[in-house]
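Remarks on the structure that follows.
The values are calculated or read from the model by the stated rules, or taken from the named source; none is laboratory data. Because the structure is a prediction, the values reported are computed rather than measured. A quick note on method: Cβ atoms are made from the backbone with ideal geometry, for glycine too, and the neighbour counts reach across all protein chains shown. Accessible surface is based on the protein model in full, side chains and every heavy atom, while ligands, DNA and RNA are left aside. Shrake-Rupley method; radii C 1.70, N 1.55, O 1.52, S 1.80 Å.
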Amino acid sequence: MGWKGILGFDYGVVQAPLGPDVSGPELVAAVANAGAIGILRAPDWEAPDYLRELIRETRALTDKHFGVGIVLSFPHKENLKAVLDEKVAVLQVSWGDFPKELVSEAHRAGVKVIHQVGCIEDAKKAKCAGVDAIIVQGHEAGGHVLGQDGLISLLPRVVNLVSDCDIPVIAAGGIVDARGYVAALVLGARGVCLGTRFLATLESFAHPHYKQKLIESDKTEFTNIFGRSRWPGAPQRVLQTPFFNEWRHLPEHENEENQPVIGLSIIHGVPKEVRRFAGTVPNSTTTGNVDCMAMYAGEAVGLINEILPAGEVVKSLVEEAQHIIQQKFSHD
């Protein structure tokens with residue numbers, strides 16, 4: 001059944017590209033070494049030389065294949081060229097169209113393309129473009145959320161859509177454990193993509209305080225108060241921190257531009273000021289008022305109660321999924 005590998009990997013477990021740089025070489029290599037699909041997050045600006053270095057750093061930590069995630073809403077042509085030049089195994093794209101010509105270009109370079117979608121219309125476009133796999137992101141997901149539909153209704157529709165071709169469908173949104181993995185398989189997925197669970201790992205580049213909040217919190221909310229200026233029209237799911245609860249009704253005309261600086265971060269090697277409502281999650285370099293920064297998380301965060309090594313997350317997902325399937329679905 002679907003714990004078996006997809007796209008040439010041992011397992012159908014995907015670590016989401018966590019922004020802006022939370023899924024760095026250490027996390028991606030740890031996931032890859034465990035037989036799953038680790039995905040680096042490319043910078044949201046053109047930085048091809050830096051991205052090449054990031055890929056090489058990851059290759060120094062693993063001899064397994066891995067991927068790079070590119071958000072199409074931001075400048076990416078040079079970054080895309082770097083990914084293809086480096087012949088990374090997988091290119092994951094989201095937040096925009098990736099037409100057939102670009103998919104063909106990736107295939108010529110030996111790179112497989114995974115397109116993340118949040119609605120059936122975008123899944124149709126991805127299918128027509130000839131992608132190698134589709135990630136279906138439900139409304140339950142953490143971070144910037146593409147769609148308005150719940151995973152349990154959207155996923156089977158996309159599975160039906162691609163039933164006439166061999167495009168694996170990968171489920172994302174609210175999945176943190178083997179039960180979610182098995183549920184996705186029953187709905188027709190051939191793999192799962194996890195963000196929040198891999199955020200709460202030893203190797204993730206998230207700030208320790210942010211990781212601790214993931215362990216302590218069990219409530220999230222879908223909102224648009226963060227990053228309105230930098231990335232308009234990209235709502236997000238965040239932890240209900242005291243800061244968020246205080247500012248959740250931020251007037252629509254307000255954004256981060258005229259807000260005070262609340263911290264500093266080095267993001268993909270570049271020093272950045274973090275303004276209130278900036279939408280920049282705190283990474284390991286962040287200093288300042290971390291409690292007042294965006295903390296993205298999916299709806300199932302309440303099921304996460306410890307920070308684990310990423311390899312252990314992969315191992316327990318696969319082994320426990322096998323166990324559940326044998327216990328509940330085998331009739332020998």
Can residue 234 be described as under 17 Å from the mean Cα position of the chain (by Cα), under 23 Å from residue 47 (Cβ atoms) and open to solvent by less than 60 Å² (accessible area, probe 1.4 Å)? yes
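To keep it simple, each residue is scored yes or no on (1) open to solvent by 70 Å² or more (accessible area, probe 1.4 Å); (2) not in a loop (DSSP other than H, G, I, E, B).
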site	(1), (2)
6	no, no
28	no, yes
43	no, no
57	yes, yes
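Say whether the condition of being assigned to a loop (DSSP other than H, G, I, E, B), open to solvent by less than 30 Å² (accessible area, probe 1.4 Å) and closer than 30 Å to residue 34 by Cβ is met by at least one residue in region 253-262.
Taking region 253-262 as the starting set, the residues that turn out to be assigned to a loop (DSSP other than H, G, I, E, B) are 253-255, 259-260.
Within this subset, residues satisfying the condition of being open to solvent by less than 30 Å² (accessible area, probe 1.4 Å) are 259.
Narrowing the set further to residues that are closer than 30 Å to residue 34 by Cβ leaves none.
No, there is no match, as no residue in region 253-262 is assigned to a loop (DSSP other than H, G, I, E, B), open to solvent by less than 30 Å² (accessible area, probe 1.4 Å) and closer than 30 Å to residue 34 by Cβ.
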Can you give me the number of residues within region 299-330 that are under 17 Å from residue 185 (Cβ atoms) and open to solvent by 100 Å² or more (accessible area, probe 1.4 Å)? 4
In this structure, is residue 164 farther than 25 Å from residue 74 by Cα, assigned to a loop (DSSP other than H, G, I, E, B) and not hydrophobic (A, V, I, L, M, F, W, C)? yes
Boolean, residue 210 is of a type in the set (Phe, Trp, Tyr), closer than 21 Å to residue 243 by Cβ and assigned to a helix (DSSP H, G or I): yes
List the residue pairs whose Cβ atoms are under 6 Å apart, where the first residue sits in region 93-108 and is of a type outside the set (Ser, Thr, Tyr), the second is assigned to a strand (DSSP E or B), and the two are 6 or more positions apart or on different chains. 93/70; 93/115; 95/71; 98/115; 103/113; 106/91; 106/113
Tally up the residues in region 8-26 that are in a loop (DSSP other than H, G, I, E, B), open to solvent by 20 Å² or more (accessible area, probe 1.4 Å) and either more than 18 Å from residue 196 (Cβ to Cβ) or out of contact with any Lys or Arg (no Cβ under 8 Å at 6 or more places or on another chain) (or both), please. 3
